[in-house]
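Enquirer: Shown below is the structure under consideration.
The values are calculated or read from the model by the stated rules, or taken from the named source; none is laboratory data. Just so it is clear, the structure is predicted and the values come from calculations on it, not from any experiment. Counting neighbours? That spans all protein chains shown, and the Cβs are built from the backbone with ideal geometry, glycine included. To get the accessible areas, we keep the full protein, side chains included, count just its heavy atoms, and leave off ligands, DNA and RNA. Shrake-Rupley method; radii C 1.70, N 1.55, O 1.52, S 1.80 Å.
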Amino acid sequence: MGENSMGTGALVPTVKPEPSPQSASEPPSSSLRAAAAAEDEDEDEDVDMDVAMEDADKDMLCPICMQIIKDAFLTACGHSFCYMCLVTHLRNKNDCPSCGHYLTTSHIFPNFLLDKCLKKTSASRLGKDASPFEHLRQALQQGVEVSIKDLDGLLSLLSDKKRRMEQEEAETNMQIMLNFLHCLRKQKLEQLTEIQSDLHYIKEDVNAVERRRIDLFMEKERFSGRMRMLINDHTVEKTLPCLIDKHGNGTDYSTYFSQVQMGSGNSQSKKPDVNAQAVFQGLQKKDAYSGAGLQSVTPSGLVLARKRQVYSQFDDLQECYLQKRRNSTGHSPKGDEWNTNMISKEGYSPGLEDFQSVLSTFTRYSRLRVIAELRHGDIFHAANIVSSIEFDRDDELFATAGVSRRIKIFEFSSVVNEPEDIHCPIVEMPTRCKLSCLSWNKYTKSHIASSDYEGIVTVWDVTTRQSVMEYEEHEKRAWSVDFSRTEPSMLVSGSDDCKVKIWCTNQEASVFNIGMKANICSVKYNPGSSVHVAVGSADHHVHYYDLRNISQPLHVFSGHSKAVSYVKFLSNNELASASTDSTLRLWDVKDNLPICTYRGHTNEKNFVGLTVNSEYMACGSETNEVFVYHKAISKPMTSHKLGSSELNDNDDDTGSYFISAVCWKSDSPTVLTANSGGTIKVLVLSP
């Protein structure tokens, strides 16, 4: 203890001032000042005592754990420690923690005196820090004599204190409640204002739609009147029965109306010709419905199906409508953005017109229907995973590639129209290793690019079945490749070596090289620009580059929680991304804003494919399903589960497959879908 005290350093003592010789001659009035000075000295002594106590407390700390010594033990060299601290130390070393003197368990002894002092110090400290109530409680427990009068006074004081505390607590609660109610009132008023504004929009739009319906009804009545006048015409009465087939098929309306127009003469007005043409178009539409395999779908059935689809996604459609309607308020249309004649005639706002387009395209289809199927595998290759499937420039051919080390080119019309279960490719090109991605040249119809697992990017000529160029700068697997639409000689690739490379078919070396910090999963040129490229990375971000300045990305889109596996452009300003966090996201690359997030499919580890057109997005799922989303609605519009052609669709084994590639046929409702079992199906969106 003594050595430990010396280690903390000596305290500088305070020097008390000595009375001056002149103090005896001071008048009695100066005694007050002397008393005050004495009080100040006492306070200084108290402060010094507190400092001394603090230093004494330091001496009570165990040098090992730096806490108040518990179960004090003294060493042969004179140092005290906690028993458990000292024993634990001696299990590893045989020396004193303070001075390093040789020490074993046989050289330590209980320090009873220090333990007793520590207990007294702790008791006095508790007494000093205790509240007045605690002192009173201890005094009463110790049996201190208190009179009834004193107890009554004490109870009265406690009762008054209790009432004051209850009153203060009640006032505090009322203040909190008042603040809450004010905030709630403000929030509800804001909501009420928003609801009133929305109701105003809805009222305006209801009136506009009702007026439009009346206009359409009147136009229909005028058309029906012209039809009746035309049918009552003498020429029609003689000619029409001869043109109607007994079975109701094969009517040549174009011949009939050409006869009517030729027999009308030059003296007649051109108005009957217009009426005849309108009737012809209407009858043509009727024949189209009757001959397109839709006899079982009545108009009322279509309307019912579309209404059912509206109710199934009502919340998302409501949000879409309100968002478009609110955004259109206060934005006056300019130039070609809006037809002023339509505004004055129909009363439609830009937001309502935009939502009408969304509602029409969303309810147009409700399911995916299989119209053709083919097998991608062969007897020589057990691995059948299709990694990429792409239509050519004119949508006449489509190419497939995957782990089978072959690029196969199929003719779309023969796949759809011929009934064979196994379709042979019209072109088949073997490759050295597994393929990850394909991209057709948008200008030269016979050129197609591929990326493979060795990092090689190859440009092929489908006509000669030979490679045109091979680029081998990537050091690891290349996941993605894409030709530019506006500059057909340029293409971009991304690889596991964390590099994006820009190539030109006119030279062997890369044109640009963008180094990144994570693996590159997908690359895509902006369809309206040859200098803007989107990159999907394993760092969970989408990077958007301007190739005129590759030192840093133009935009970085954040939101995905896992690797971004695909990036695709719906338009020059709309970019879709897919991630293994089981979401799709839509971004505005012009304004650098997120637009929408889509959930419904399952994608946690595999490349399941992503394809887009101007209105719809389709992606695969690890549940062996393909999902279709409308770009304005966050939930799936429809989905379809692929069964294996060699197994029943209800077989449990089909659950081990996943969708591996998808591709739209331009802006048509047709989509190609391939899965990890080598099954390729042609699906079409249907009402």
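Enquirer: Please tell me the relative contact order of segment 499-621 in percent, rounded to the nearest whole number, where contacts are Cα pairs under 8 Å and at least six residues apart.
Expert: Normalised by residue count, the contact order of segment 499-621 is 15 percent.
Enquirer: In what order, largest first, do 375, 306 sit by accessible area if the probe radius is 1.4 Å?
Expert: Ranked from most to least accessible, the order is 306, 375.
Enquirer: Also, I was wondering about something else. At 1.4 Å probe size, what's the solvent-accessible area of residue 174? Round to the nearest 10 Å².
Expert: So the heavy atoms of residue 174 present about 130 Å² to solvent.
Enquirer: Assuming R0 = 25 Å, can you tell me the calculated FRET efficiency for the pair residue 546 and residue 518, based on Cβ-Cβ distance, to the nearest 0.05?
Expert: After rounding to 0.05, the efficiency reads 0.80.
Enquirer: How large is the accessible surface per residue of segment 153-216, computed with a 1.4 Å probe and reported in Å² as a whole number?
Expert: 87 Å²
Enquirer: Right, next: If you count, for each residue, the other Cβ atoms within 10 Å and average over each peptide, how do 215-223, 91-99 line up from highest to lowest?
Expert: Going by the mean number of other Cβ atoms within 10 Å, highest first, we get 91-99, 215-223.
Enquirer: Please give the per residue accessible area of segment 58-142, computed with a probe of 1.4 Å over protein heavy atoms only, in Å².
Expert: 67 Å²
Enquirer: Please list 325, 548 from largest to smallest accessible area, probe radius 1.4 Å, with all protein chains kept in place.
Expert: Sorted by accessible area, descending: 548, 325.
Enquirer: Ok, one more. With a/c under 1.5 counting as rounded, go ahead and sort segment 153-216 into rounded, prolate or oblate using the C-alpha gyration tensor (a ≥ b ≥ c being the square roots of the eigenvalues; past the cut-off, prolate if a/b is larger than b/c, else oblate).
Expert: Judged from the Cα gyration tensor, segment 153-216 comes out prolate (a/c at least 1.5, a/b above b/c).
Enquirer: Take peptides 137-143, 208-214 and line them up by average Cβ neighbours within 10 Å, highest first, as a rough protection proxy.
Expert: Output ranking for 137-143, 208-214: 208-214, 137-143.
Enquirer: With an 8 Å Cα cut-off and a minimum separation of 6 or more residues, compute the relative contact order for segment 58-142 in percent.
Expert: Over segment 58-142, the number comes to 25 percent.
Enquirer: Might you work out the accessible area of residue 369 for me, using a 1.4 Å probe with all protein chains in place, and round it to the nearest 10 Å²?
Expert: Here the residue's solvent-accessible area equals roughly 100 Å².
Enquirer: Would you mind calculating the gained length between residue 177 and residue 195 on full extension (0.36 nm times residue separation, minus the Cα-Cα distance), in nm to one decimal?
Expert: Net length gain for the segment: 3.9 nm.
Enquirer: Separate question: Let me check something: with ligands and nucleic acids excluded, how do 588, 315, 152 order by accessible area (1.4 Å probe), largest to smallest?
Expert: So the residues, ranked largest to smallest area, are 315, 152, 588.
Enquirer: Ranking request for peptides 429-440, 100-111, 472-483: highest mean number of other beta-carbon atoms within 10 Å first, then the rest in descending order.
Expert: Ranked by mean Cβ neighbours within 10 Å, highest first: 472-483, 429-440, 100-111.
Enquirer: Give, rounded to the nearest 20 debye, the magnitude of the charge dipole that segment 153-216 has about its Cα centre when Lys and Arg contribute +1 at Cβ and Asp and Glu contribute -1 at Cβ.
Expert: 160 debye
Enquirer: Solvent-accessible area of residue 550, probe 1.4 Å, all protein chains present, reported in Å² to the nearest ten, please.
Expert: 50 Å²
Enquirer: Just give me a number: lysine pairs in segment 58-142, eight or more positions apart or cross-chain, with C-alpha atoms less than 28 Å apart.
Expert: Close lysine pairs under the 28 Å cut-off: 14.
Enquirer: Is the shape of segment 58-142 best called rounded, prolate or oblate, per the rule: a/c under 1.5 gives rounded, else a/b larger than b/c gives prolate, else oblate, with a ≥ b ≥ c the square roots of the Cα gyration tensor eigenvalues?
Expert: prolate
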